[in-house]
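The values are calculated or read from the model by the stated rules, or taken from the named source; none is laboratory data. Remember, predicted model here, so these are calculated numbers, not experimental data. Quick reminder, even Gly has a Cβ in these numbers, built from the backbone with ideal geometry, and neighbours come from all protein chains shown. Each accessible area value is taken on the protein alone, full model and side chains, heavy atoms only, with ligands, DNA and RNA left out. Shrake-Rupley method; radii C 1.70, N 1.55, O 1.52, S 1.80 Å.
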Amino acid sequence: MSWIYLLFLIISSVELSASAQPAILEVPRPWQLEPPTKQNVLLLLADDGGFEMGAYRNRISQTPNLDALAKESVIFNNAYTSVSSCSPSRAALLTGLPSHQNGMYGLHQGVHHFDSFDSIWSVPKILSSKGNVRTGIIGKKHVGPSEVFKFDFERTEEEYPINQVGRNITNIKNLVKEFLHSNDTRPFFLVVAFHDPHRCGHVTPQYGSFCERWGSGEEGMGLIPDWHPIYYVWDEIDLPFYVPDTEPARRDVAAQYTTISRLDQGVGLVLKELKEAGFDSNTLVVYTSDNGPPLPSGRTNFYDPGIAEPMFIRSPAADARRNEVTYTMTSLLDLAPTFLDWFGVEYPKKAKTKLTGKSLLPILSAEPPNDPDAAVFASQSYHEVTMNYPMRAIRTKRYKLIHNLNYKSPFPIDQDFYVSPTFQDILTKGHCQANPAVVQKSPALLSTR
């Protein structure tokens with residue numbers, strides 16, 4: 001009897017495993033408890049944003065909405081951009097490809113095709129053509145060509161003044177409402193790309209270094225109805241470790257904090273619209289920035305202030321992690337495969353390139369095992385068209401290697417940072433030799449944390 005019973009168990013297990021295989025494939029994954037047709041993605045993108053928020057232990061900058069979102073999310077403590085420049089980083093995020101693969105080497109412009117390659121597949125292009133997903137972008141786009149980065153709904157600097165769609169949080173709120181209340185019932189992928197806290201002193205100095213006066217209600221500044229400006233006392237703020245402790249630098253950072261608070265209030269308005277439209281329970285919400293802040297060692301540099309990014313992801317799944325930190329090495333190149341995975345859409349097989357990133361959805365349910373050898377990579381050639389300074393980098397939790405290919409040339413400073421109070425004070429007082437952002441760089445820099 002025992003042999004017969006054993007034989008029965010073996011045969012039953014084989015038949016069960018064979019018959020169960022299709023059923024296992026049909027069971028929703030933990031992060032897909034809702035049917036795929038009801039799922040959406042909202043990407044909130046800061047412009048030159050850093051860690052100026054309570055969620056990352058900044059005790060001065062007032063960001064209650066971002067902090068509340070972080071408490072409902074997985075907070076990434078090792079997230080890095082693959083390139084520290086506006087257009088290249090946005091193109092990399094939206095394609096899942098580093099700049100040397102997608103072709104966006106520097107700031108977007110049509111001259112000399114300073115755009116991505118025409119054959120590249122972007123997330124909005126894939127979702128629109130392969131996934132039956134409605135796509136939209138509000139705010140700063142700053143990538144091209146339009147055929148590669150085409151969204152179904154576009155309200156960007158290509159049609160409107162950048163401040164009106166990127167800093168006017170009342171307008172942003174209304175445009176989000178317009179998008180969400182469409183009669184189109186397809187799942188959506190919406191990018192809200194704020195222009196804060198990008199500098200504007202080189203273009204419109206009357207508005208302040210960070211456009212912190214624009215829309216404040218001051219005489220001649222206009223009024224953003226939903227914005228309640230928060231002003232910071234310059235001699236009471238905590239400076240980032242990479243900023244010189246001088247009065248001009250402190251005043252500069254205080255102005256930056258004012259626009260960070262405007263961004264935060266805008267995030268709150270957008271999330272309120274999402275909830276009132278009934279989509280907060282089935283929408284994946286991501287907050288991050290394109291690159292580091294425009295300060296010494298920040299944007300256009302491969303030091304951590306230039307490539308380390310804030311990021312948190314809120315999943316609507318019932319068993320999703322909330323208010324938890326992950327130390328997994330993460331690249332913004334991982335966002336494209338994450339979005340495609342969320343919608344259940346495959347990357348085109350006919351594409352000439354392959355995605356090197358990984359989906360982050362499993363991290364939203366459980367922390368993966370620690371991998372001490374995990375690394376992220378960075379590649380940069382330009383910022384502005386005249387700012388050729390090629391760099392490559394690899395970063396692990398412990399080490400970073402920066403390879404400056406043309407290290408004998410002077411490191412170029414982008415124009416909006418050059419005219420900033422912080423940098424002008426550095427030039428005037430001769431702090432250049434103490435600041436790694438403005439000295440001649442070494443062929444390779446190896447640092448430990």
Amide H within-cut-off set for V41, under 5 Å, with H built and near neighbours excluded
F188, F189, L190, L284
For segment 84-144, what's the radius of gyration and Dmax over Cα atoms, in angstrom?
11.5, 34
What number comes out for accessible area per residue over the chain if the probe is 1.4 Å? Units Å², please.
44
With an 8 Å Cα cut-off and a minimum separation of 6 or more residues, compute the relative contact order for the chain in percent.
24
With point charges of +1 on the Cβ of Lys and Arg and -1 on the Cβ of Asp and Glu, referenced to the Cα centre of segment 99-246, which listed residue (Y242, V192, S119) lies farthest in the positive direction of the dipole?
S119
Mean-square fluctuation maximum in Gaussian network of the chain, Cα pairs under 10 Å, restricted to A320, A277, A79, hits A277
For segment 73-84, Karplus couplings with θ = phi - 60° (6.51, -1.76, 1.60), whole Hz, Gly/Pro x
10, 8, 9, 8, 9, 9, 9, 9, 7, 8, 7, 9
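Nothing charged except the Cβ atoms of Lys and Arg (+1) and of Asp and Glu (-1): what's the magnitude of the dipole of segment 224-341 about its Cα centre? Round to the nearest 20 debye.
180
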Could you pull out every residue, at least 5 positions away or on a different chain, whose amide H is within less than 5 Å of the one on C200? Hs are placed 1.01 Å off N in the peptide plane, and Pro or chain starts have none.
F210, C211
Of all the stretches in the chain, which is the longest one without any exposed loop site, taking chymotrypsin sites (Phe, Trp or Tyr not before Pro) in a DSSP loop (any state but H, G, I, E, B) with at most 15 other Cβ atoms within 10 Å?
1-230
Do any trypsin sites (Lys or Arg not before Pro) in segment 340-424 lie in a loop, going by DSSP, with at most 14 other beta-carbon atoms within 10 Å of their beta carbon, and if so which?
K349, K350, K352, K354, R398, K408
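Nearest 5 is fine: what % of DSSP beta bridges in the chain come out antiparallel, could you say?
50
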With +1 on the Cβ of every Lys and Arg and -1 on the Cβ of every Asp and Glu, and nothing else charged, how large is the dipole of the chain about its Cα centre, in debye rounded to the nearest 20?
1020
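With all pairs of different alpha carbon atoms counted, what Kirkwood hydrodynamic radius in Å does segment 84-228 show? Intermediate values should be presented prior to the final figure.
On the way: mean 1/r = 0.0613 Å⁻¹.
It is 16.3 Å.
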Filter the cross-link list K125/K272; K130/K177; K130/K358 down to pairs whose alpha-carbon distance in this structure exceeds 23 Å.
K125/K272; K130/K177
What angle, in degrees between 0 and 90 and rounded to the nearest 10, separates the Cα long axis of helix 247-276 from the longest principal axis of the Cα atoms of the chain?
40
Taking only Cα atoms and a 10 Å spring cutoff, compute GNM fluctuations for the chain and point out the largest among L295, L340, L97.
L340
With unit charges on the beta carbons (Lys and Arg positive, Asp and Glu negative) and the dipole taken about the Cα centre of the chain, which residue among T288, F210, L333 sits farthest to the positive side?
L333
Report the Rg/Rh value for segment 226-276, based on alpha-carbon coordinates and the Kirkwood definition of Rh.
1.14
Which three extents, in whole angstrom, do the alpha-carbon atoms of the chain cover along their principal axes, largest first?
94, 51, 45
In the chain, taking the dipole from +1 charges on Lys and Arg beta carbons and -1 charges on Asp and Glu beta carbons about the Cα centre, the listed residue (P161, Y418, Y399) farthest towards the positive end is Y399
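About the Cα centre of segment 207-266, how large is the charge dipole given +1 on each Lys and Arg Cβ and -1 on each Asp and Glu Cβ? Please answer in debye to the nearest 20.
160
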